[in-house]
1. Put a dot 7 Å past each Cα toward the Cβ at Asp116 and Leu60; how far apart are the dots in nm?
2. Relative contact order (percent) for the stretch 287-385, with alpha-carbon contacts under 8 angstrom and 6 or more residues of separation?
3. What relative contact order, as a whole-number percentage, does the chain give when Cα pairs under 8 Å and 6 or more residues apart are counted?
4. Rounded to the nearest 0.05, what FRET efficiency do His224 and Lys255 have when you use their Cβ-Cβ distance and R0 = 25 Å?
5. Which net charge results for the neighbourhood of Asp113, defined as the other residues with beta-carbon distances under 11 angstrom from its beta-carbon, given Lys and Arg at +1 and Asp and Glu at -1?
6. Provide the packing ranking of 212-221, 23-32, 346-355, i.e. peptides ordered by the mean count of other C-beta atoms within 10 Å per residue, highest first.
7. Sort 116-125, 173-182, 57-66, 366-375 by packing, meaning the average of other beta carbons within 10 Å per residue, with the highest value first.
8. Would you work out which of Cys351, Ala330, Leu300 lies farthest towards the positive end of the dipole of the stretch 287-379? Charges go on Cβ: Lys and Arg +1, Asp and Glu -1.
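We did not get these values from a lab; they are worked out from the coordinates using the rules stated. All values derive from a computational prediction rather than experimental measurement. Glycine also receives a Cβ, built like all others from the backbone with ideal geometry; neighbour counts cover every protein chain displayed.
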Amino acid sequence: MESKEITISRGLEGIYIAETTLCKIDGANGRLWYRGYPIEVLAENSNYEEVSYLLLFGKLPNRKELSAFRERLKAERDVPPVVFDIVEEMSGRAHPMDVLRTCISSLSIYDEDPEDKSQQANIRRAIKLIAKTASIVAYMGRYRQGKDYVPPDSSLDHSANFLYMLTGKKPDEMAAKLIDLMFILHAEHGSNASTFSTLVTGSTLADVYAAVTAGAATLKGPLHGGADEAALRMMYSIGDPDNTETYIEEALEGKRRIMGFGHRVYKAYDPRAKIVRKYLELYQERNPSEEVSRLLQIALRAEKLMLEKLSKTKGIWPNIDFFAGPLYRAIDVPAELFTPIFAASRMVGWCAHLFEYWQNNRLFRPLDNYVGEVDKKYVPIDQRE
Ligand code: ACO
């Protein structure tokens with residue numbers, strides 16, 4: 001048999017799959033830009049609708065463009081009938097991400113013209129998906145708490161409306177800022193696992209709904225989107241801040257991973273984690289709560305120990321998911337919705353990457369190196385041992 005040197009890149013580590021103008025990550029220095037704008041600047045000054053426009057259209061909108069884009073999002077905020085059925089049927093039996101993935105997939109039946117593959121039609125689909133996914137997640141949260149659907153409020157922007165549809169209360173300015181911040185920070189992040197699987201599915205020329213459903217399915221895992229919930233659950237298991245060091249030491253000795261730490265690309269402090277930590281501390285200062293104070297103490301002590309132990313030796317630093325849980329708890333978001341919110345925020349990143357990739361589409365078809373036998377003798381079933 002032909003033998004040649006084969007290099008396998010496990011997890012496609014170090015492999016470039018496309019050119020992009022969407023997002024640059026400088027993993028060595030912990031820097032991140034969306035379309036050239038530093039994430040810190042967008043987090044401080046922008047909002048999710050503006051960032052979504054930037055990602056989809058390649059430029060920051062002027063007032064008129066932003067207002068028209070907002071109106072289009074608002075017009076798509078309703079939760080369609082089949083979604084109520086799916087949420088009600090699946091919620092007691094399935095993981096929230098399974099429910100959400102199924103709901104996202106079901107949105108294809110409401111497409112105005114599935115045969116229209118134009119960029120304009122795809123933008124229309126992206127707007128529908130961004131608006132409706134947030135409303136679906138809010139309703140999933142309501143249903144799980146045994147509460148009724150709250151219809152959208154057109155006086156609120158995208159993320160504040162999400163929080164309103166989830167809690168039934170109009171958020172104050174600070175809570176609205178925090179949820180919007182989380183939507184911005186999760187909107188985009190290069191060719192991460194869920195975006196990559198969106199592209200793989202899209203590269204077959206399957207439609208937008210199929211591609212982002214694959215993205216949502218991929219996001220579920222604890223090594224990707226599920227880490228924020230897992231990190232918070234770890235903090236609850238630690239319970240008392242004084243238990244933090246013992247818990248972390250034992251986990252590391254037992255070769256268990258500390259969720260919310262480490263990243264394939266960042267070998268420095270994830271800039272998004274710094275922003276989340278800053279706003280969490282600010283919120284706690286202004287709206288002190290016992291639960292958040294305890295979680296924050298645990299998080300800061302765990303961070304200190306992890307930095308001492310693993311940052312220099314293994315390049316393990318906090319990622320966005322580490323402080324996300326306490327921040328969500330500060331604004332009353334239940335843990336089981338963290339990953340669904342991540343999906344709702346990342347919907348724009350999935351769509352923007354897909355549309356960019358389609359401009360120069362090539363079917364993904366990597367190779368694997370077969371290491372089994374060949375030409376084995378076929379034994380009829382009755383003669384097998
Ligand atoms: N806790 C403890 N040790 C860790 C952690 C962690 N969180 N992450 C990596 N390590 C260790 C590994 O055990 C390994 O040690 P070894 O060389 O002694 O075997 C070394 O660091 C390298 O680990 P890899 O698995 O090779 O690193 P990789 O780049 O594949 O992992 C990943 C990245 C999957 C994110 C990993 O750091 C991890 O599992 N983190 C916890 C889950 C998490 O927080 N995910 C969210 C990522 S951000 C996001 O998706 C939004």
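1. So the label points at Leu60 and Asp116 sit 3.2 nm apart.
2. Across the stretch 287-385, relative contact order equals 18 percent.
3. 22
4. It comes to 0.80.
5. Its environment carries a net charge of -1.
6. Top to bottom by mean Cβ count within 10 Å: 346-355, 212-221, 23-32.
7. The peptides rank, most packed first, as 173-182, 116-125, 57-66, 366-375.
8. Farthest along the dipole direction, towards plus: Leu300.
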